[in-house]
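Please read the structure below before turning to the comments.
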Amino acid sequence: MSLSLLLLLLLLLLPICSAQATIFYGTVMTYYPKNTYANGSVKVVLRYKLSFGTCQENALWTCGSGNCGNESSLVLNIVDQESSGEWCQREGIMTRQVPSNAPFQLVLDGNYWIDNIQNIYRWSALTLVELRNRSDIGRPNTSPQTTILPDLRVPSNCRRDFSLLAFDPDGDEVRCRSGVVTISSCILSFIPAPNSFEGAFVIQLVMEDFPRQNITLTQTNGLQTIITPNESISEIPVQFAFRLDPVVPSCTEGLYLPKFLPPTSANRAQLYTSVNQTLEINISAEANVSTITELLFSGPHNIVQTTSGTGQYTLRWTPSEQEDGESHPICFVVQAVSNSTKYQSELRCVIVSVATILPTTTPVVTTNITIPTPQNTTNTITTPTTTTPQTTTTDPPTTTPLTTSNITLPTPTLTPQTTATIPASATPITSIITTPTTASPPPVPTPENTTGVPNISNQFVVILRVKLSSSSPLSEDYLTSIITQQIRDELVRHGLPLNVIVGLLSIVQQ
């Protein structure tokens, strides 16, 4: 072989090797304002996930618009990687000092998305950082909190709902967008259809927070801007791969598809821990036909995973002083294998709130509530719906806890769930997005300060043990979205403040 022909072959192989080495599996970004200084400058910490085919690849966020300040530190560590080497996710922690609290944008872009049915090649992500002082909370805005695994998968003949974590520390409403399609409760649904596609889809979402009332954003130079509930405050990217695998003999959880068992936390559960205190998240799953091989997760990079047997896992995380006052998302799936085919459980996510002092509770007040049987309906529509997020109960110290022994609630009305199917000729990305009405997880109460640390000593929690009577079982989604809102309305009617927060701690079905 001549030297010129050998060089030509090497040149032809270079793009192929480069493409294989830089396969992109998505990103997600969140930010936390830390300090506002006398000269008007602000320190903000940005945490982001980068997912590629290997752990060696990297990409840098660059300034898109506004004054992005100076990057004082950047740490990039491995979060988790799939055992067969399909993907690796790393977490970057970036600290920036910006000269004022004016908003700015960061951009991430590049080539070589994972091979996908939509033939999307280039990738681009944008983060809008809003640091102006909010009139409702007296401090800068914190972005919505979420994370995601790089590669979610489901057999092409099985329905699967992916309820993405959408939590906002400021109590804002969180919505997701895919292009012009709004997904108010951030749930993606796949509904199988005849001749469904098999292969990977690229999911590129934008997550935004919206105030619940008109607020004023004040800039360092005194300039003020009014934001309405129809205008977003900040914007973060949520990008990942969604894979349709070959048909499975049975879609029943616990056979081929792993099924979560107690004491696994419920999806969107809120957990609390304090600085230097280790939090343990125990996860249990079973699969009677396939063999469970691993737990895949996304969260802070210093989470330690251990296993005590097949399908038995524990995630341990010890937050440092740098995470004090922050909330951190953790998502996970259990993966199994049968005849070289991989099967994943449903996606579950929790939010972990970190504080120096943990919340305390007052004596339990028992309340009996009788409600009529809810009537569930399902319609095929395209209009997005909006729901009030679930919250946790907190009252000012001067408020007397509710002692009413019986409360009669009005007849609950369920908003119909919206669905969409994937016809064989349709473009897959818009077909798998639906908008069922599921509430966002509860926000963490925070006082008006500039440190981001919850002043829990000025608040207390009242626990109500509520007994619900119904002629048919009540779903957890119904309890968290409809009933908690009605309880809140009833508490307000009995004299509690309008900003009282109500959240569901646990459910016991009888």
Spot the failing condition for Glu82; the list is (1) crowded, with 16+ Cβ neighbours inside 10 Å; (2) closer than 27 Å to Gln322 by Cα; (3) out of contact with any Phe, Trp or Tyr (no Cβ under 9 Å at 6 or more places or on another chain); (4) not polar (S, T, N, Q), and only one is missed. (2)
Residue hits (the range 327-340; open to solvent by less than 10 Å² (accessible area, probe 1.4 Å) and either of a type in the set (A, V, I, L, M) or assigned to a loop (DSSP other than H, G, I, E, B) (or both)) are Ile330, Val333, Val334, Ala336
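Here is a yes/no grid of residues against (1) of a type in the set (Phe, Trp, Tyr); (2) at pLDDT 95 or above; (3) in contact with a Phe, Trp or Tyr (Cβ under 7 Å, 6 or more places away or on another chain); (4) closer than 26 Å to Ile148 by Cα:
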position: Leu9; (1), (2), (3), (4): no, no, no, no
position: Leu13; (1), (2), (3), (4): no, no, no, no
position: Ile16; (1), (2), (3), (4): no, no, no, no
position: Thr22; (1), (2), (3), (4): no, no, yes, yes
position: Tyr32; (1), (2), (3), (4): yes, yes, no, yes
position: Gly40; (1), (2), (3), (4): no, no, no, no
position: Leu50; (1), (2), (3), (4): no, yes, no, yes
position: Gln56; (1), (2), (3), (4): no, no, no, yes
position: Ala59; (1), (2), (3), (4): no, no, no, yes
Residues that are outside any loop (DSSP other than H, G, I, E, B), open to solvent by less than 30 Å² (accessible area, probe 1.4 Å) and touching a Gly at 6+ places or on another chain (Cβ under 7 Å), drawn from the range 113-169: Trp123
Please count how many residues of the range 28-44 are among the basic types (Lys, Arg) and outside any strand (DSSP E or B). 0
Residue that is farthest from the chain's Cα centre (by Cα) [pool: residues in the range 255-309 that are closer than 16 Å to Glu326 by Cβ and among the small types (Gly, Ala, Ser)]: Ser274
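One line per residue, one yes/no per condition, for (1) of a type in the set (Ser, Thr, Tyr); (2) over 27 Å from Ser51 (Cα atoms); (3) assigned to a loop (DSSP other than H, G, I, E, B):
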{"site": "Pro229", "(1), (2), (3)": "no, yes, yes"}
{"site": "Pro237", "(1), (2), (3)": "no, no, no"}
{"site": "Phe260", "(1), (2), (3)": "no, no, no"}
{"site": "Asn267", "(1), (2), (3)": "no, no, yes"}
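Condition check ((1) buried (at least 21 other Cβ atoms within 10 Å of the Cβ); (2) basic (Lys, Arg)) across all residues:
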residue: Glu208; (1), (2): yes, no
residue: Arg212; (1), (2): no, yes
residue: Thr218; (1), (2): no, no
residue: Gln224; (1), (2): no, no
residue: Pro229; (1), (2): no, no
residue: Ile236; (1), (2): yes, no
residue: Gln239; (1), (2): yes, no
residue: Leu244; (1), (2): yes, no
residue: Pro249; (1), (2): no, no
Please enumerate the residues belonging to the range 85-112 that are among the small types (Gly, Ala, Ser) and open to solvent by less than 30 Å² (accessible area, probe 1.4 Å). Gly92, Ala102, Gly110
Residue count for the range 269-302, restricted to those that are open to solvent by 10 Å² or more (accessible area, probe 1.4 Å), in a loop (DSSP other than H, G, I, E, B) and under 30 Å from Met94 (Cβ atoms): 6
Unique residue being farther than 18 Å from Gln335 by Cβ and of a type in the set (A, V, I, L, M) when the list is Ala200, Ala166: Ala166
Does Tyr112 satisfy the criteria of being touching a strand residue (DSSP E or B) at 6+ places or on another chain (Cβ under 9 Å), farther than 19 Å from Ser143 by Cβ and at pLDDT below 95? yes
Picking from Asp80, Asp109, which residue would you name as being of a type in the set (D, E, K, R), outside any loop (DSSP other than H, G, I, E, B) and more than 23 Å from Gln335 (Cα to Cα)? Asp109
Selection count, the range 194-227, where residues are assigned to a strand (DSSP E or B) and without any contact (Cβ under 8 Å) to a residue 12 or more places away in the chain: 1
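The values are calculated or read from the model by the stated rules, or taken from the named source; none is laboratory data. Note that the structure is a prediction, hence the values are computed from the model and not measured. Here Cβ is always computed from backbone atoms with ideal geometry, including for glycine, and neighbour counts include all displayed protein chains. Areas reflect the complete protein model, heavy atoms only, side chains present, ligands, DNA and RNA absent. Shrake-Rupley method; radii C 1.70, N 1.55, O 1.52, S 1.80 Å.
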